[in-house]
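> Have a look at this one before I ask anything.
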Amino acid sequence: MRIQRLGIKEGNVLQAKTEKSKDSSIDLTKIDELLQKYKDKAGNLIPVLQGVQNIYGYIPREAFLKINHELGLELASMYGVATFYSQFRLNPVGKYIIKVCHGTACHVQNASKITNTLMELLNVNDGETTDDKLFTLESVACLGCCSLAPVMMIGNDTYGKLNGKSAKKVINDIKLAEKNKSTDN
Amino acid sequence: MKKQIIVGLGSCGIAAGASKVYNKISQIIELGNLDVELKQTSCIGMCYKEPLVEIIDDSGRYLYGDITEDKVNYLIDKHIEHEEPIKDLIVDSDLFEGSEHEYFEGQVKIALRNCGFMDPESIEEAMQRKAYQAIEKIATDNISRDEVIQYVLDSGIRGRGGGGFSTGMKWRFAKNNESDIKYIICNADEGDPGAFMDRSLLEGDPHAVIEGMIIGAYAIKAISGFIYCRAEYPLAIKRLNIALQQARDNGFLGNNILGIEGFNLDIFVKEGAGAFVCGEETALIASVEGDRGMPRKRPPFPAEQGLWKKPTNINNVETFANIPYIILNGPNSYNKYGTEKSKGTKVFALTGKIKHGGLVEVPMGISIREVIFGLGGGIQDDKKFKAVQLGGPSGGCIPEHLIDIPIDYDSVNSTGAIMGSGGMVVMDETTCMVDMAKFFLDFTQEESCGKCTFCRLGTKRMLEILTRITEGNGREGDIELLEELAVQIKDGSLCGLGQSAPNPVLTTLKYFRNEYEAHIYDKKCPAKHCKLLLTYEIIPEACTGCTVCAVKCPTNTIIGERKQVHFIEQDGCIHCGECFDKCNFDAIKVY
């Protein structure tokens with residue numbers, strides 16, 4: 001089973017320092033209000049990281065540096081916390097994050113099949129993002145909708161009682177909707 | 001009386017399409033200008049019949065099940081416009097026995113008393129159902145802190161998160177530790193895969209949990225409270241924040257609450273960030289403090305030195321939800337249910353290969369058989385029951401010959417499993433017990449914080465052994481090595497995660513050793529689950545030569561001409577099972 005954790009290579013903030021930043025277009029002013037809110041509050045690191053991720057979809061390297069600068073939190077301990085909790089992502093993600101549940105009830109109802117089907121459909125491995133940056137596929141621990149196993153969540157929408165076919169349909173419907181949106185524009 | 005239509009909008013209802021149902025009903029009411037009130041409620045526990053729609057009119061109450069979007073027009077037309085209830089679709093009613101009345105009859109709803117019966121975002125409806133009457137009683141009748149703790153002790157309630165420690169005793173310890181600053185925390189980090197009791201409570205009746213915390217804070221003299229809720233429950237977090245603000249606006253949180261001099265309290269939600277280990281109380285405290293969720297040595301216990309080193313009391317969601325009921329109705333209202341050492345009721349999440357999957361609240365002491373085959377309706381597709389997993393990844397499996405045992409802390413512990421938080425995953429003849437052990441160990445290995453060598457490395461090695469076994473590379477001595485490692489990991493781990501990680505392996509070895517032996521010595525999976533141990537062959541009499549299997553085979557190892565019987569070359573077969581899945585003629589034999 002795979003509950004997705006960050007790859008050390010991609011997530012290594014210190015290593016990234018030596019590379020040319022791919023994300024020089026990050027607008028760091030977006031997190032000013034957040035940092036101000038949590039400036040002197042004890043135990044603030046996790047809500048701050050959650051806030052940053054809500055804004056950018058992940059936690060960019062530049063954001064870590066800014067938090068260090070504004071709040072005085074050490075880079076090493078921030079990295080330790082960000083890599084400990086599976087919620088945090090240090091890489092950009094797709095527009096739609098597909099979370100396939102691999103809790104016990106879903107496992108017993110063949111959740112692996114759903115993940116394998118979507119891996120094949122999207123041509124990505126578990127935890128990766130499609131080339132067109134539309135989808136990120138993740139395996140997650142229990143989403144708590146066990147009676148409808150197997151289950152997946154995309155954004156805040158939950159889809160239950162899936163099989164390979166219905167899972168593919170959900171993704172294809174989204175793809176179609178996106179295509180129509182872009183041709184409308 | 002104005003007709004009411006109430007749609008169940010808990011997370012599983014929404015997953016089954018209830019939002020669309022709600023929107024459609026809303027449209028119909030508006031277009032037809034119908035004199036009907038549309039409301040929402042949350043999970044009533046009957047998840048296998050979602051989406052659920054309740055209609056209340058002058059004649060009574062009718063709960064409809066399986067109301068998908070396509071049935072809405074028919075329902076409104078018949079029941080609302082023509083006032084003819086549709087008996088076939090009714091699962092429960094106060095006028096006659098609906099199709100699922102047995103599901104409700106076997107239950108005693110104390111913790112879940114309000115879930116599914118009110119709009120969880122309305123404090124007015126909660127108060128109509130007695131929310132905050134318990135804390136009001138404490139204020140009006142001048143019930144002292146010690147008396148409150150005595151009520152809780154007398155009720156016999158034990159921690160519903162899985163620890164099973166006496167709640168009253170825990171409160172007493174925290175109260176007796178002197179400090180100006182004390183904290184009360186609700187552990188809503190329900191991380192057990194297969195468990196969603198707490199999610200339903202938080203989505204369905206947040207005020208019960210908040211009131212329980214207020215009473216607990218009063219008893220131990222806490223000034224600040226936190227609800228540590230896992231981030232994977234966004235609806236629960238939203239409803240909690242709404243409820244907390246409503247509680248503040250109504251004077252149940254703040255200063256000198258309900259006129260009790262010096263009783264000041266506010267409660268905040270802290271979101272988890274995806275770490276199962278943070279369900280362990282010291283790891284939870286570390287997480288609230290902004291650190292990595294790594295457990296700490298006990299003693300000192302949190303009651304003495306918890307959050308920010310101050311006395312802290314931590315209880316589970318379900319434990320708190322029971323407290324207002326106990327205070328309002330007296331300890332006997334609770335301890336009249338249950339067994340000698342396990343009083344009251346417990347909420348279970350019935351999932352897996354069961355017909356009636358959902359949430360049930362039953363008195364302690366009911367047998368597992370009654371829950372699975374009575375309320376639960378038995379096994380899906382009427383297959384053969386094999387085992388039930390209690391307690392999630394910390395628990396163990398209970399085989400068929402033990403399912404008449406009563407469900408209470410001691411009886412369950414005697415089987416090698418634990419009660420846990422209430423997840424009950426039912427397995428049938430197609431479940432491989434070695435694979436289940438591997439699944440749980442994969443989970444605990446991933447979630448191990450890494451602090452203790454035996455947990456960190458021991459679970460890794462156990463997982464490696466189990467993976468080899470399920471892939472056909474099991475060796476002589478593997479079982480003995482698993483047993484040896486299990487004991488060492490239990491002994492060498494600081495917290496409950498490591499101490500209980502070997503339980504699934506130990507119980508499956510105890511009751512299903514033959515399956516392990518078949519995998520290791522015969523290279524066979526009796527449940528026909530472990531693909532690498534299966535042999536796939538084409539049944540000549542059934543094969544039509546449609547070539548679908550040959551086309552799908554990833555190693556091109558199936559040969560045959562169109563309309564001729566096909567053949568799988570075993571040497572090239574990687575046991576992926578694609579041919580079996582794709583064949584439309586049942587022409588593939590698996591053994």
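The values are calculated or read from the model by the stated rules, or taken from the named source; none is laboratory data. Just so we're clear, the structure is a prediction, and the values are computed from it rather than from any experiment. Here the Cβ positions follow ideal geometry from the backbone for every residue, glycine too, while neighbour counts run over all protein chains shown.
> Condition first: closer than 17 Å to B:GLN499 by Cα and either without any contact (Cβ under 8 Å) to a residue 60 or more places away in the chain or crowded, with 24+ Cβ neighbours inside 10 Å (or both). Now tell me which residues in region B:418-433 satisfy that.
B:MET419, B:GLY420, B:SER421
> Among the residues of region B:352-366, is there at least one that is over 18 Å from the mean Cα position of the chain (by Cα) and modelled with pLDDT of 90 or more? Write out each step before concluding.
Going residue by residue through region B:352-366, those that are over 18 Å from the mean Cα position of the chain (by Cα) are B:365-366.
In the following step, the residues that additionally are modelled with pLDDT of 90 or more were identified as B:365-366.
For region B:352-366, residues over 18 Å from the mean Cα position of the chain (by Cα) and modelled with pLDDT of 90 or more: present.
> So which of A:LEU143, A:LEU122, A:LEU137, A:LEU162 is more than 7 Å from every other protein chain (Cβ to nearest Cβ), surrounded by 22 or more Cβ atoms within 10 Å (Cβ to Cβ) and within 26 Å of B:CYS449 (Cα to Cα)? Quick ask: steps written out before the conclusion?
Values: A:LEU143 fails: more than 7 Å from every other protein chain (Cβ to nearest Cβ); A:LEU122 fails: within 26 Å of B:CYS449 (Cα to Cα); A:LEU162 fails: within 26 Å of B:CYS449 (Cα to Cα).
It is A:LEU137.
> If you don't mind, there's one more thing I want to ask. Just a yes or no: is a residue in region B:452-460 modelled with pLDDT of 95 or more and within 13 Å of chain A (Cβ to nearest Cβ)?
no
> So which residues in region B:44-64 are within 24 Å of the chain's Cα centre (by Cα), of a type outside the set (Val, Ile, Thr) and either farther than 18 Å from B:GLU84 by Cα or in a loop (DSSP other than H, G, I, E, B) (or both)?
B:GLY45, B:MET46, B:CYS47, B:TYR48, B:LYS49, B:GLU50, B:PRO51, B:LEU52
> Here is a check on your reading of the model: is B:LYS438 touching a residue at least 12 places away in the same chain (Cβ under 8 Å) and within 19 Å of the chain's Cα centre (by Cα)? Outline the logic, then answer.
On the way: touching a residue at least 12 places away in the same chain (Cβ under 8 Å): yes; within 19 Å of the chain's Cα centre (by Cα): no.
The answer is no for B:LYS438.
> Please determine, by comparing only the residues of region B:265-288 that are in contact with a helix residue (DSSP H, G or I) (Cβ under 7 Å, 6 or more places away or on another chain) and assigned to a loop (DSSP other than H, G, I, E, B), which one is nearest to the other protein chains (Cβ to nearest Cβ). Steps first, please.
Start the filter on region B:265-288 by keeping residues that are in contact with a helix residue (DSSP H, G or I) (Cβ under 7 Å, 6 or more places away or on another chain), which leaves B:265, B:267, B:269-273, B:275-278, B:280, B:283-285, B:287-288.
Those still in the list that are assigned to a loop (DSSP other than H, G, I, E, B) too: B:272-273, B:275, B:280.
Numbers: B:GLY272: 8, B:ALA273: 4, B:ALA275: 5, B:GLU280: 14 Å.
The residue in question is B:ALA273.
> Of all residues being hydroxyl-bearing (Ser, Thr, Tyr) and crowded, with 21+ Cβ neighbours inside 10 Å in region A:87-115, which is nearest to A:SER139 (Cα to Cα)? Just the residue, please. Break it down stepwise before answering.
Our first condition is that a residue be hydroxyl-bearing (Ser, Thr, Tyr); within region A:87-115, this holds for A:96, A:104, A:112, A:115.
Now restrict to residues that are crowded, with 21+ Cβ neighbours inside 10 Å: A:104, A:115.
Numbers: A:THR104: 13, A:THR115: 7 Å.
The extreme case among them is A:THR115.
> What are the residues in region B:297-324 that are farther than 20 Å from B:GLY159 by Cα and either within 13 Å of chain A (Cβ to nearest Cβ) or without any contact (Cβ under 8 Å) to a residue 60 or more places away in the chain (or both), if any?
Of the residues in region B:297-324, the ones farther than 20 Å from B:GLY159 by Cα are B:297, B:308-310.
Result: B:TRP308, B:LYS309, B:LYS310.
> Same structure, new question: Find all pairs meeting these conditions: Cβ atoms under 9 angstrom apart; at least six residues apart or on different chains; first residue within region A:51-75 and within 10 Å of A:LEU90 (Cα to Cα); second residue basic (Lys, Arg) and buried (at least 20 other Cβ atoms within 10 Å of the Cβ).
A:GLN53/A:ARG89; A:GLY57/A:ARG89; A:TYR58/A:ARG89; A:ILE59/A:ARG89
> Of the residues that make up region A:121-134, is at least one under 16 Å from the mean Cα position of the chain (by Cα), at pLDDT below 95 and either on the phi > 0 side of the Ramachandran plot or not assigned by TED's automatic domain parsing to the domain that holds A:ASP173 (or both)?
Scanning region A:121-134 turns up at least one residue that is under 16 Å from the mean Cα position of the chain (by Cα), at pLDDT below 95 and either on the phi > 0 side of the Ramachandran plot or not assigned by TED's automatic domain parsing to the domain that holds A:ASP173 (or both).
> Whether any residue in region B:402-412 is within 14 Å of chain A (Cβ to nearest Cβ) and either without any contact (Cβ under 8 Å) to a residue 12 or more places away in the chain or crowded, with 22+ Cβ neighbours inside 10 Å (or both) is what I want to check.
First pass over region B:402-412, keeping only residues within 14 Å of chain A (Cβ to nearest Cβ): none.
Looking for residues that are within 14 Å of chain A (Cβ to nearest Cβ) and either without any contact (Cβ under 8 Å) to a residue 12 or more places away in the chain or crowded, with 22+ Cβ neighbours inside 10 Å (or both), one finds none in region B:402-412, hence no.
> So, one more: Has region B:82-96 got any residue that is of a type in the set (A, V, I, L, M) and over 30 Å from B:ILE354 (Cβ atoms)? Walk me through it before giving the result.
Quick first cut of region B:82-96, residues of a type in the set (A, V, I, L, M) only: B:86, B:89-91, B:95.
In the following step, the residues that additionally are over 30 Å from B:ILE354 (Cβ atoms) were identified as none.
No, region B:82-96 contains no residue that is of a type in the set (A, V, I, L, M) and over 30 Å from B:ILE354 (Cβ atoms).
> Here is a follow-up. For the subset of region B:13-49 comprising residues that are within 10 Å of chain A (Cβ to nearest Cβ) and out of contact with any strand residue (DSSP E or B) (no Cβ under 8 Å at 6 or more places or on another chain), which member is surrounded by the most Cβ atoms within 10 Å (Cβ to Cβ)?
B:ALA16
> Just one of B:LYS309, B:LYS297 is of a type outside the set (A, V, I, L, M) and either at positive phi or outside the structural domain of B:GLN245 (by TED's automatic domain parsing) (or both); which is it?
Numbers: B:LYS297 fails: either at positive phi or outside the structural domain of B:GLN245 (by TED's automatic domain parsing) (or both).
After ruling out the rest, the residue left standing is B:LYS309.
> Restricting attention to region B:1-15, which residues are over 18 Å from B:PRO120 (Cα atoms) and in contact (Cβ under 8 Å) with a residue 40 or more places away in the chain?
Scanning region B:1-15 gives B:MET1, B:LYS3.
> In region A:146-157, which residues are of a type outside the set (A, V, I, L, M, F, W, C) and buried (at least 21 other Cβ atoms within 10 Å of the Cβ)? Steps first, answer last, please.
Start the filter on region A:146-157 by keeping residues that are of a type outside the set (A, V, I, L, M, F, W, C), which leaves A:147, A:150, A:155-157.
Within region A:146-157, A:SER147, A:PRO150 meet the criteria.
> Across region B:153-207, which residue is surrounded by the fewest Cβ atoms within 10 Å (Cβ to Cβ) among those that are part of a helix (DSSP H, G or I) and among the aliphatic types (A, V, I, L, M)?
Step one: list which residues in region B:153-207 are part of a helix (DSSP H, G or I), which gives B:153-155, B:167-176, B:197-204, B:206-207.
After this cut, where a residue has to be among the aliphatic types (A, V, I, L, M) as well, the list is B:153, B:169, B:174, B:197, B:201-202.
Details: B:LEU153: 16, B:MET169: 14, B:ALA174: 27, B:MET197: 29, B:LEU201: 29, B:LEU202: 30.
Here the answer is B:MET169.
> Restricting the search to region B:114-154, which residues are aliphatic (A, V, I, L, M), touching a Ser or Thr at 6+ places or on another chain (Cβ under 9 Å) and closer than 22 Å to B:MET197 by Cα?
B:MET118, B:VAL152
> While we're looking at this one, here's another question. Please report, ordered by residue number, the helices (runs of 4 or more DSSP H) entirely within region B:65-140 with at least 1 residues that are more than 30 Å from B:GLN245 (Cα to Cα).
Details: elements: B:72-75, B:101-105, B:123-128, B:133-140.
It comes to B:72-75, B:101-105.
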